[in-house]
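Notes to accompany the following structure.
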Amino acid sequence: MTDATETGVPYPSEMAGPVDEWSEQIYAALSDWPIAQTGEWTRWEPGYLLLTITHVDDSEVEPIVLYSADEELTVAFGYWETHNPAPYEFWDAEAGVIVEHAKLLVEHWLNGSIRTAVLTDATGKWCGSATIEPEELAPQLEAAARRVRNFHPEQLEVRTPRKCDWKPTLLSENG
């Protein structure tokens, strides 16, 4: 996961220096998006960009991070991440197509259409994360726990963009 508290050089700025072509395409495709306009852009070596969003509609949210590296766009929120978030048939899509899918994914996270399930073991060590839809939570949570059963998950937490809504649950309590 990306640590949103790290700092780079603000982008665009005189000090930022050049970015690679992929990062420039990502920036161009995201820069007019209202949600991105509330975030902070930083430039990272060797020419990658990171967008950190901590406020949406004047409300604080857990950090949403989008970054360009090695001709991929990574989207991370709620202790979950994905790379080039386009449907599988568009895996090698142009930056603009990938950005549109990334924006949709973030908007679904923000409007509650998806949440994340974070599984941890008895010591609190991360075992895995998954996106889930609010309807029929039990089967989705069971499937997520089965996928990481070799890591012995004992607790899960369903996450939303606002940390105050997070509620950890022991898996034995959840069935």
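Laboratory data are not the source of any read-out in this text; all were calculated from the coordinates shown. In this text the structure is predicted, and so the values were computed from the model without any measurement. Heads up, the Cβs are rebuilt from the backbone with ideal geometry, glycines too, and the neighbour counts pull from every protein chain shown.
General observations
- Spacing of the two label points (7 Å from each Cα toward its C-beta) at Ser113 and Glu154, in nm: 3.8
- For Gly128, distant residues with modelled amide H under 5 Å away: Leu119
- Applying a DSSP loop filter and a limit of 15 other Cβ atoms within 10 Å to the chymotrypsin sites (Phe, Trp or Tyr not before Pro) in the range 57-156 leaves Trp91.
- The share of alpha-carbon pairs in the chain lying farther apart than 18 Å comes to 63%.
- 3J(HN,Hα) along the range 64-81, derived from phi through the Karplus expression 6.51 cos²θ - 1.76 cosθ + 1.60 where θ = phi - 60°, amounts to 10, 10, 10, 9, 9, 7, 6, 6, 10, 10, 9, 10, 9, 6, x, 6, 9, 8 Hz, with x in place of Gly and Pro.
- Equivalent ellipsoid, the range 9-49 (semi-axes from 5 times Cα gyration tensor eigenvalues, Å): 17, 12, 7
- Residue-count net charge about Pro34 - beta-carbon cut-off 14 Å; Lys, Arg +1, Asp, Glu -1: -3
- Shown here for the range 100-169: GluC sites (Glu not before Pro) in loop regions (DSSP other than H, G, I, E, B) with at most 11 other Cβ atoms within 10 Å, namely Glu135, Glu136.
- Whole-percent P(r), the range 75-175, all Cα pairs, 10 Å bins from 0: 15, 43, 30, 11, 1.
- Low-density loop cleavage sites - trypsin sites (Lys or Arg not before Pro) in the range 66-175, where at most 14 other Cβ are within 10 Å (DSSP): Lys125, Arg162
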